[in-house]
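For reference, the structure is listed below as structure tokens.
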Amino acid sequence: MQKMSIFDSLLDKVWQIARNEEDFLTAFARLTCDRERVAMILALPQLQDFCVTDGFSGKCETLAEELRLRGDKLNLETAASTIDPAHATAKQALELYTSAIRVAPQGSMSLARSYKGRVQVLLRTGDTDLALRDVKRALGFQLPPEDAIKLLSLAASCHQHKRAWDQAEKVLQEALDKLRNSELENNVKASMTGEIISQLKTINHEKQQDNLKKKLKKTDSEPRSGSWGIPEVTYGKNADIPAASAALRLCFSPQKGRYMEATRNIKIGSVLIVEEPYAWALSREAMAQRCLHCCRLVPAPIPCTQCSTVSYCSEDCRDTGWQDYHRFECHVLHHLLSAKELSKMALLVYRIAVTAFARADPTSGDGNLSQKSSAHERDSTSTESDPRCDYPSSVNSPASFPFLSSDYASVHGQVTNSGSRTPADKLKRATSAFFLMKCLRHVAQDMTDDVEMTTSLLRHLQSCSCNAYQITEHVVPDGDVRNATQNELGGGAYPTVSLCNHSCNPNVARHSIGRLCIVRAIRNIRKGDEILDNYGPHFLSHDLEERQKYLETQYFFRCICEACSEKWPTADRLHEKVTGYKCIHCSMNIGLNLLNLKTCPHCKKKCDYGKIAKRLRVLAREYDRALEDLLHRRLHECLKTCVEYCDVMDSVVVHPNKGFVKCQQAVSLCWSLLGNTNATRTNLTFSL
Ligand SMILES: [Zn+2]
Ligand SMILES: [Zn+2]
Ligand SMILES: [Zn+2]
Ligand SMILES: [Zn+2]
């Protein structure tokens, strides 16, 4: 039986206190602010000796060697067979070497040999750039000369595969030099020299052939996981809110709190927000497949130098991640990931705290979170927000500009909804905050005040459940878009995106590119309209009752969007046919026959509706072809048609309309597929 995680047993202890000591919960329930709740937990005599020790899976040479040898065995089998290189065996060998690399101690020979093994697999699967990176890593060790020379020969093969003949020749010359200067036995020298000379000959031959053809094949100069096209915001950058488009404005009203509004007419498809999170965290499952720092898929990852839990795409990501946050979590990560009762937001909350802590001004001499924040003054007043209101509001006070995603104040000000939470909920969160503080205390002894830190952690444990956003990927099994599903990779704190309120019929759609959050207009938005995101329950998929219940329990507000107030039907009850058209000027219903209509019967303004009707007919035909494009992942082609179709429909069709929402969904899927995708999700994990 597995040992209970230290958080789970801590929580058990607190529940016990709540059960056994009659006045405890009553007194806790009576407290009016987070600071008092934290003080009460910290004063509990039963928790005085609670402390966190190292909880992380470190390195193990024996295990690394075992995994590597299994990899070598598979590798030999694959090399001997003529089967497809992408075959499961090659994949398994790759996984074994990667697992070996993850657990091999820094500087150990088993690490170098595992890299070397992985080079051979990557070369066979055609991932030559990844292979070359591993060559470089392995050559960084004091390898025995045979191993180093073999690696150079593998590097030459990679260059050869890329038709980079000069480079191939150069590394082989280097190999020959090394061989000459080595103290290997003469017969070994002779045989190895023979092999290199023969490789050089092949290269020379291929080079000449290539020169004859004068036709260079396209090489895979990018790692397979690729570089993304990160879009820029449409209509220029917003001077006050750098992550947002200039077409948006941040407003404030006592009823709605902060909200975003359009300062001009916005076309469907426009990019409205491109935001880097203040802090983010991958889920445990995603950590096995993606870079901890940039969230790219990593077919050949490198590990943390200390733990064997996390993976990176490159040394750059590893070093930046270490400096920014991982040094504070590496040795306690296991505690955070293994607790059953700890919220899945816990790591994100921890990251918010350490990000603020790491960015603290070193000259100030303390890591006191809330004192660095301009939000501190309004802290005490905004802690207990109005328990029920008709509007979802991210923050209860106006913002100061520029509103920066990297500014702790942007995250600190988010509402906690403490006032609406039950005492048990608050007690669990306060215990979690206490635990996270103890973890941080374990790795950062210079952290000053326990009460301050725990209070900040408690604040974020509450605000993140209403303000954090998922980082997502689209899983496309065997490349078939029809079976695409969305998968949660983790979560992030996106202060700018958080400024958008909810609607069950949103006018924007969100998707992830790496850890970035991209928000685009999914309808035409008129000047003065509010920017409305969807917090989860969409009118198509959830009926009114489900939506209201979800939003009340999770976000503590009653939704009054058009879908809710007009009781729109869900997708299965939505009519296939258009129920009516509307005037492009006054939005009044103008009936079903557009063909000969030139003037609106209500506002009398002119418009050639016949022309619009004809365009709709053409687009309806092109839409079928666009769906074919979508199936074949010709996303930009698909988008071109679907965005225009949505645009024209949106201008005249009375909502809700099935054709319109279907087309919207195609558009949204295309955007998602341009972001994080994953062809297959195979969980090849070995009994570690
Ligand atoms: Zn990375
Ligand atoms: Zn680590
Ligand atoms: Zn609603
Ligand atoms: Zn009209």
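The values are calculated or read from the model by the stated rules, or taken from the named source; none is laboratory data. The shown structure was predicted, so the numbers you read here are calculated from the model rather than taken from an experiment. All Cβ positions, glycine included, derive from the backbone under ideal geometry; neighbour counts span all protein chains shown. In case anyone asks, the SASA skips ligands and DNA or RNA and just uses the protein heavy atoms, side chains included. Shrake-Rupley method; radii C 1.70, N 1.55, O 1.52, S 1.80 Å.
Scan (1) open to solvent by less than 50 Å² (accessible area, probe 1.4 Å); (2) touching a Ser or Thr at 6+ places or on another chain (Cβ under 9 Å); (3) modelled with pLDDT of 95 or more for the single condition residue 133 breaks and write down its number.
Of (1) open to solvent by less than 50 Å² (accessible area, probe 1.4 Å); (2) touching a Ser or Thr at 6+ places or on another chain (Cβ under 9 Å); (3) modelled with pLDDT of 95 or more, only one is false for residue 133: (1).
Residue check: is residue 666 of a type in the set (Gly, Ala, Ser), buried (at least 20 other Cβ atoms within 10 Å of the Cβ) and either within 25 Å of the chain's Cα centre (by Cα) or at pLDDT 90 or above (or both)?
For residue 666, the condition - of a type in the set (Gly, Ala, Ser), buried (at least 20 other Cβ atoms within 10 Å of the Cβ) and either within 25 Å of the chain's Cα centre (by Cα) or at pLDDT 90 or above (or both) - is met.
Which one of the conditions (1) touching a His at 6+ places or on another chain (Cβ under 7 Å); (2) open to solvent by less than 60 Å² (accessible area, probe 1.4 Å); (3) not hydrophobic (A, V, I, L, M, F, W, C) does residue 657 fail to meet, given that it meets all the rest?
So residue 657 meets the others, but not (1).
Which one of the conditions (1) more than 44 Å from the chain's Cα centre (by Cα); (2) open to solvent by 50 Å² or more (accessible area, probe 1.4 Å); (3) in contact (Cβ under 8 Å) with a residue 24 or more places away in the chain does residue 163 fail to meet, given that it meets all the rest?
Result: residue 163 fails condition (1) only.
Within the stretch 233-260, track down each residue that is polar (S, T, N, Q) and at pLDDT 95 or above.
Selection gives 234, 238, 245.
Go over the candidates 645, 550 one by one and state the one that is away from ligand 2 (no atom under 16 Å from the Cβ), closer than 26 Å to residue 673 by Cβ and either of a type in the set (Phe, Trp, Tyr) or part of a helix (DSSP H, G or I) (or both).
Being away from ligand 2 (no atom under 16 Å from the Cβ), closer than 26 Å to residue 673 by Cβ and either of a type in the set (Phe, Trp, Tyr) or part of a helix (DSSP H, G or I) (or both) holds for just one of 645, 550, which is 645.
Any idea which of (1) modelled with pLDDT under 90; (2) more than 16 Å from ligand 3 (Cβ to nearest atom) is the one residue 390 doesn't satisfy?
Of everything listed in (1) modelled with pLDDT under 90; (2) more than 16 Å from ligand 3 (Cβ to nearest atom), residue 390 misses just condition (2).
Quick check: anything in the stretch 519-527 within 16 Å of ligand 4 (Cβ to nearest atom) and of a type in the set (D, E, K, R)?
Yes, the stretch 519-527 has at least one match.
Here are some residues: 7, 24. Which one is over 30 Å from the mean Cα position of the chain (by Cα) and not aliphatic (A, V, I, L, M)?
Matching residue, one of 7, 24: 24.
Restricting attention to the stretch 248-267, which residues are open to solvent by less than 10 Å² (accessible area, probe 1.4 Å) and closer than 19 Å to residue 646 by Cβ?
Matches in the stretch 248-267: 262, 266.
Looking at this structure, is residue 73 open to solvent by 50 Å² or more (accessible area, probe 1.4 Å), more than 30 Å from residue 436 (Cα to Cα), at pLDDT below 95 and not hydrophobic (A, V, I, L, M, F, W, C)?
Considered against the rule, which asks whether it is open to solvent by 50 Å² or more (accessible area, probe 1.4 Å), more than 30 Å from residue 436 (Cα to Cα), at pLDDT below 95 and not hydrophobic (A, V, I, L, M, F, W, C), residue 73 comes out as yes.
Taking the stretch 587-600 as the search range and keeping residues that are within 20 Å of residue 655 (Cβ to Cβ) and assigned to a loop (DSSP other than H, G, I, E, B), which one is nearest to ligand 3 (Cβ to nearest atom)?
Only one residue tops the list, namely 587.
Could you run through the stretch 49-59 and say how many residues are buried (at least 17 other Cβ atoms within 10 Å of the Cβ) and either touching a Gly at 6+ places or on another chain (Cβ under 9 Å) or not aromatic (Phe, Trp, Tyr) (or both)?
3
Just to be sure, is residue 584 touching a residue at least 40 places away in the same chain (Cβ under 8 Å), within 16 Å of ligand 4 (Cβ to nearest atom), in a helix (DSSP H, G or I) and surrounded by 13 or more Cβ atoms within 10 Å (Cβ to Cβ)?
Against the criterion (touching a residue at least 40 places away in the same chain (Cβ under 8 Å), within 16 Å of ligand 4 (Cβ to nearest atom), in a helix (DSSP H, G or I) and surrounded by 13 or more Cβ atoms within 10 Å (Cβ to Cβ)), residue 584 does not qualify.
Give me the residue from the stretch 352-362 that is out of contact with any Gly (no Cβ under 9 Å at 6 or more places or on another chain) and touching a residue at least 24 places away in the same chain (Cβ under 8 Å) and, out of that set, surrounded by the fewest Cβ atoms within 10 Å (Cβ to Cβ).
Top of the filtered list is 359.
Residue-by-condition table, conditions (1) of a type outside the set (Lys, Arg); (2) out of contact with any helix residue (DSSP H, G or I) (no Cβ under 6 Å at 6 or more places or on another chain); (3) at pLDDT 95 or above; (4) buried (at least 21 other Cβ atoms within 10 Å of the Cβ):
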position: 298; (1), (2), (3), (4): yes, yes, no, yes
position: 316; (1), (2), (3), (4): yes, yes, yes, no
position: 337; (1), (2), (3), (4): yes, no, no, no
position: 349; (1), (2), (3), (4): yes, no, yes, yes
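Search the stretch 549-567 for residues being touching a Lys or Arg at 6+ places or on another chain (Cβ under 9 Å) and open to solvent by 40 Å² or more (accessible area, probe 1.4 Å), and hand back the single one that is farthest from residue 532 (Cα to Cα).
552
Can you tell me how many residues in the stretch 104-127 are open to solvent by less than 10 Å² (accessible area, probe 1.4 Å), under 17 Å from residue 305 (Cβ atoms) and not small (Gly, Ala, Ser)?
Number satisfying all stated conditions: 1.
Inspect the stretch 46-58 for any residue being in contact with a Ser or Thr (Cβ under 7 Å, 6 or more places away or on another chain) and either closer than 19 Å to residue 460 by Cβ or of a type in the set (Ser, Thr, Tyr) (or both) and give the result as yes or no.
For the stretch 46-58, residues in contact with a Ser or Thr (Cβ under 7 Å, 6 or more places away or on another chain) and either closer than 19 Å to residue 460 by Cβ or of a type in the set (Ser, Thr, Tyr) (or both): present.
So which pairs qualify, if the first residue must be in the stretch 4-17 and assigned to a helix (DSSP H, G or I), the second must be open to solvent by 50 Å² or more (accessible area, probe 1.4 Å), the Cβ gap must be under 7 Å, and the two must be at least 6 apart or on different chains?
Cβ pairs passing all conditions: 7/341; 8/340; 8/341; 11/341; 11/428; 13/46; 17/46.
Any residue at all in the stretch 321-336 that's outside any helix (DSSP H, G or I), among the charged types (D, E, K, R) and away from ligand 3 (no atom under 16 Å from the Cβ)?
no
Quick check on residue 570: is it modelled with pLDDT of 90 or more and either within 12 Å of ligand 4 (Cβ to nearest atom) or crowded, with 18+ Cβ neighbours inside 10 Å (or both)?
Against the criterion (modelled with pLDDT of 90 or more and either within 12 Å of ligand 4 (Cβ to nearest atom) or crowded, with 18+ Cβ neighbours inside 10 Å (or both)), residue 570 does not qualify.
If you scan the stretch 411-429, which residues turn out to be open to solvent by 10 Å² or more (accessible area, probe 1.4 Å), over 22 Å from residue 44 (Cβ atoms) and assigned to a helix (DSSP H, G or I)?
If the condition is that a residue be open to solvent by 10 Å² or more (accessible area, probe 1.4 Å), over 22 Å from residue 44 (Cβ atoms) and assigned to a helix (DSSP H, G or I), then 419, 420 are the ones that fit.
Return the pairs, sorted by first residue and then second, in which the second residue is of a type in the set (Phe, Trp, Tyr) and open to solvent by less than 70 Å² (accessible area, probe 1.4 Å), the first residue lies in the stretch 595-606 and is more than 16 Å from ligand 1 (Cβ to nearest atom), the beta carbons are less than 6 Å apart, and the residues are 6+ apart or on different chains.
597/609
Take the conditions under 20 Å from residue 660 (Cβ atoms), away from ligand 1 (no atom under 16 Å from the Cβ) and open to solvent by 50 Å² or more (accessible area, probe 1.4 Å) and apply them to residue 629. Does it pass?
When the stated conditions are applied, residue 629 does not pass them.
Out of 180, 163, report the one residue that is touching an Asp or Glu at 6+ places or on another chain (Cβ under 7 Å) and among the basic types (Lys, Arg).
163
Among the residues of the stretch 531-543, is there at least one that is assigned to a strand (DSSP E or B) and within 16 Å of ligand 1 (Cβ to nearest atom)?
no
How do the pairs read when you match residues in the stretch 300-322 that are more than 15 Å from residue 58 (Cβ to Cβ) and near ligand 1 (Cβ under 8 Å from one of its atoms) with residues anywhere that are of a type in the set (Lys, Arg) and open to solvent by 10 Å² or more (accessible area, probe 1.4 Å), using Cβ under 7 Å and keeping only pairs 6 or more apart or on different chains?
Final answer for the pair search is 312/318; 313/296.
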